[in-house]
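The values are calculated or read from the model by the stated rules, or taken from the named source; none is laboratory data. Keep in mind it's a predicted model, so treat the numbers as computed, not measured. All Cβ positions, glycine included, derive from the backbone under ideal geometry; neighbour counts span all protein chains shown. For the accessible areas, the whole protein counts, side chains as well, though only heavy atoms, and no ligand, DNA or RNA atoms are used. Shrake-Rupley method; radii C 1.70, N 1.55, O 1.52, S 1.80 Å.
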Amino acid sequence: MSAVLFVSASEPPDELRLLSHQVNQAASASKALLEAENADVVVVDARTDLAGARSTCQTLSRGGNTPILLLVAVSGLAVLSPEWGFTDFMAVGAEPAELDARLRILARAAVDPDVLVIGPIRVDGAAYSASLDGAPLDLTYTEFELLRYLMQHPGRVLSRETLVSQVWGYDYYGGTRTVDVHVRRLRAKLGQYDHYIGTVRNVGYRFASAREVNRAG
């Protein structure tokens, strides 16, 4: 069973009601931004308001990593494009079994995604690339791995010892202070967004969660 967030001012469709997933509802994109982090999949309602759904998808795709399933009428399929920002789409009227399959596949794929996006920072693990506001970030191998690990655990306090073991490896003998050096360099490259990596005194570091970023914005 997956946690599904349905984004619409209207009632969820019968196809969704019949399934065993835990369904919560957000009436607006701004509310969905605050709740999407706790969902496995976000379902955006495009049955009647295509322009609103497009804006909602783009807002959610910029604000976090939760996969987005667009629910659209057959008459609206012709206007869909990758620029909307949804992960998958489904036409209204399909069998509940198809919706269930799409939700399960999206939820499973989101467990360990290659692409991480929080605010303006984007990391693509498969391509080994990172960008800031769409511009490439010139990172060393260790800086990239450090940023990726921090973004994989948003909101969680990570000790220096944990970061050394997970980023540098258990066979690294250089001490934990190397973490401070690399965080300092990484923050310098993030520029005005350096505050996304917070310091927890006497413990380690913490990357801002999507919810915190959205509230600040």
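Results, tabulated for the structure shown:
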| quantity | calculated |
| --- | --- |
| Point-to-point label distance, N202-Q22, nm (Cα→Cβ direction, 7 Å offset) | 3.5 nm |
| Neighbourhood net charge (14 Å Cβ-Cβ; Lys/Arg +1, Asp/Glu -1) for E98 | -3 |
| Whole-angstrom Cα spans of the range 62-151 along principal axes, big to small | 49, 26, 19 |
| Length gained when the stretch Y173-A3 is fully extended (0.36 nm per residue, less Cα-Cα span) | 57.0 nm |
| Per-residue ³J(HN,Hα) for the range 193-199, Karplus 6.51 cos²θ - 1.76 cosθ + 1.60, θ = phi - 60°, Hz, x for Gly and Pro | 9, 5, 5, 5, 9, x, 9 |
| Distance between the range 172-193 and the range 76-105 - C-alpha centres, whole angstrom | 41 Å |
| Average projection area in nm² (convex hull over Cα atoms of the chain, one quarter of hull surface) | 12.9 nm² |
| Normalised convex hull volume, the range 144-190, alpha-carbon set, Å³ per residue | 70 Å³ |
| Most mobile listed residue (G63, G119, G175) in the chain, GNM with C-alpha springs under 10 Å | G175 |
| Choice from E145, E11, E35 with maximal GNM fluctuation in the chain (Cα, 10 Å cutoff) | E11 |
| Separation of the D138 and A188 label points, Cα + 7 Å toward Cβ, nm | 1.2 nm |
| Accessible area, probe 1.4 Å, largest first, for residues L137, L77, L70 | L77, L137, L70 |
| Choice from D124, D14, D114 showing the highest fluctuation, given a GNM over the chain with Cα pairs closer than 10 Å | D14 |
| Neighbourhood charge, 15 Å Cβ-Cβ cut-off, centred on D180 and excluding it, Lys, Arg +1 and Asp, Glu -1 | +4 |
